[in-house]
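Every read-out reported here was derived from the displayed coordinates using simple, explicitly stated rules and does not represent laboratory data. Keep in mind that this is a model prediction, so the values were computed, not measured. We place every Cβ from the backbone using ideal geometry, glycine too, and count neighbours over all the protein chains shown.
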Amino acid sequence: MQRTFAITGMTCEHCARTVEAALNALPGVHAEVAYPARRAQIELADGTDEAALIEAVRAKGYDARTLDDDQAPAEPTTTLDGDGEGLRIAIIGSGSGAFAAAIRAAEAGAQVTMIESGDIIGGTCVNVGCVPSKIQIRAAELAQHQRANPFDGLADHAPAIDRPRIAAQQHSRVEELRQAKYQKILDDNPGIDMRRGRARFEDAHTLFVDLQGGGQERITADRVLIATGASPMIPPIPGLADTPYWTSDEAVFSNETPEHLLVIGASVVAVEQAQAFRRLGSKVTVLARSTLLSSEVPDLGAGLTEAFRAEGIDVREHTQASAVRYEAGQFVLETQNGPIRGDRLLIATGRAPNTRDLGLEQIGVETDKRGGVKVDAHLRTRIEHIYATGDCTDLPQLVYVAAAGGTRAAVNMTGGEATLDLSAMPAVIFTEPQVATAGLDEGQARVRGIATETRTLGLENVPRALANFETRGFVKLIAEAGSHRLIGAQILAPEAGEMIQTAVLAIHTGMTVEALGNLLFPYLVHVEALKLCAQTFTKNVEQLSCCAG
């Protein structure tokens, strides 16, 4: 007996072979699956249960239904013409990763539907993250430079700080960028539609959307991208939920300068906000469960802790709040070393993926213990036609990773082949001094079986740092033993964020430390520290003249 089945959800020949193998594993079945036609021609032994065929296909993340001669073509009804022409793509979210994917997919000819559950588009970075926080940090930096500078001939003075005007400037720039980089794309691109509402999977190809204005809509798609971002994670500290605590979403736009800000957390957002508030006039106490930047190599956290304490930030290492209460306008944190009081409390203990209400479990999309969607290097989940990118995944929570992932997911969804290479990924923490890393540290290299050689150069050996009277910090380079190929870099320095990309390029191209040390660098720039550190693998830079090649 011969039957024809329509197969939906396939994105490539590999999908077709996966479905074919699943069908042929059943007793009494011989199947041939054609990807372009989305059809399976199946020879069945008498008595074979056709429902078992459909279940075998669904178990692999696809769908199937029988086609009789008088039936219409199976869903999806769209046809593919080369790349993404005629393809229907649904994107849940409207942040950087979502928009990068939407733009690329529309360019390939797909019809894209974006679904946003919030009141504004653009995601974390432009609205409450990268953009407003860097404005706040820059204002705080300039205030600090007025308060204290290293030059004998420049008088220090107390800065006049108007927090409401700073916040207004933040809001203005955020709105400007949201309009130019997000809303205008929607307005100008007929291939991208927006739905306002909360989406969840009804099945692997159908999203059920509760619309903001009331009512529901079902959206059927050939491909789906999950790009829902993340939200501040709130620790289960007794009493905390009953207090008016801040997350970074509120703190970054604060109109006020708290007299004493308490910060629970010790990673990126916690340290950036702690220093910014200190420089804008607050007393600041940071409670670190272990140490500052405990996920980084110890020297980075130790160096930043020293800098913080020099500015008057009270860093309480190995300190946790066992309870929180709010009384008479004061937060009281109970700790193993007694109570700590402050008039504002910032919770900055990380961000949790926004995946809980998507219905992922019923369609077989896997998540990690945090709720992050598991993806491969192609941004694909275990369901072949469902992809994910950004902070809602198990990828690093960095906006440029989200955007790069979105673009590559769109390439793959529209018939191309692209992978996300994180082997030389840069990361920057915008404190002063800044913290920047790229590639592998020694521990990560050891896990991969790579023997290493390392060198560390203090900034007192860097001419630009000497000229600026700012020598706190270091550059550390990690090279593969034997080959001397650069595989990692760690920087604690005033301009670390501007320096790290040179290390990224060297790692990406497989450059040796000798080759890096032999390059021409402008004189009296911070990035020359990389050249000098590279030279320490073969020589003593203390015995070189200025700008020696």
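Look at where the Cα atoms of the range 154-186 and of the range 493-549 average out, and the two centres are 35 Å apart.
Among the lysines of the chain, pairs that are 8 or more positions apart or on different chains and have alpha carbons within less than 26 Å of each other number 9.
Of the residues His484, Gln501, Val462, the one whose Cα sits farthest toward the positive end of the charge dipole of the range 426-543, with +1 on the Cβ of Lys and Arg and -1 on the Cβ of Asp and Glu, is His484.
Across the alpha-carbon set of the range 455-540, the Rg to Rh ratio works out to 0.94, Rh being the Kirkwood radius. For the range 426-466 and the range 307-324, what is the separation of their C-alpha centers, rounded to whole Å? Rounded to whole Å, the Cα centres lie 25 Å apart. The range 194-208 and the range 400-415 have Cα centres separated by 20 Å.
Output the 0 to 90 degree angle, nearest 10, between the alpha-carbon long axis of helix 163-178 and the longest principal axis computed from the alpha carbons of the chain. With rounding to tens, the tilt is 30 degrees. Over the chain, dividing the summed -39,500 (n - 2.57) contributions of all DSSP H runs of at least 4 residues by the number of residues returns a 222 nm mean residue ellipticity of -8500 deg cm²/dmol.
A Cβ-based charge dipole, computed about the Cα centre of the range 426-543 with Lys and Arg at +1 and Asp and Glu at -1, lands at about 240 debye. What you get for the chain, charging only the Cβ of Lys and Arg (+1) and of Asp and Glu (-1), is a dipole of about 1260 debye around the Cα centre. In angstrom, the C-alpha Rg and Dmax of the chain are 27.4, 97. Sequentially through the range 345-352, phi angles give Karplus couplings (6.51, -1.76, 1.60; θ = phi - 60°) of 10, 10, 9, 9, 10, x, 10, 9 Hz, Gly and Pro residues having no value and appearing as x. Each peptide among 357-363, 38-44 gets the average number of other Cβ atoms lying within 10 Å of its residues, and from highest to lowest they stand as 38-44, 357-363. Rounded to the nearest whole Hz, the Karplus-based 3J(HN,Hα) values (6.51 cos²θ - 1.76 cosθ + 1.60, θ = phi - 60°) of the range 368-384 follow the sequence 7, 5, 7, x, x, 5, 7, 10, 8, 5, 8, 6, 9, 7, 6, 8, 3, with x at glycine and proline.
In order along the range 403-409, the phi-based Karplus estimate (6.51 cos²θ - 1.76 cosθ + 1.60, θ = phi - 60°) of 3J(HN,Hα) comes to 5, 4, x, x, 4, 5, 4 Hz; Gly and Pro are listed as x. The trypsin sites (Lys or Arg not before Pro) found in the range 465-535 include none that occupy coil by DSSP while having at most 13 further C-beta atoms within 10 Å. Peptides 245-258, 512-525, 269-282, ordered by how many other C-beta atoms sit within 10 Å of their residues on average, highest first, read 269-282, 245-258, 512-525.
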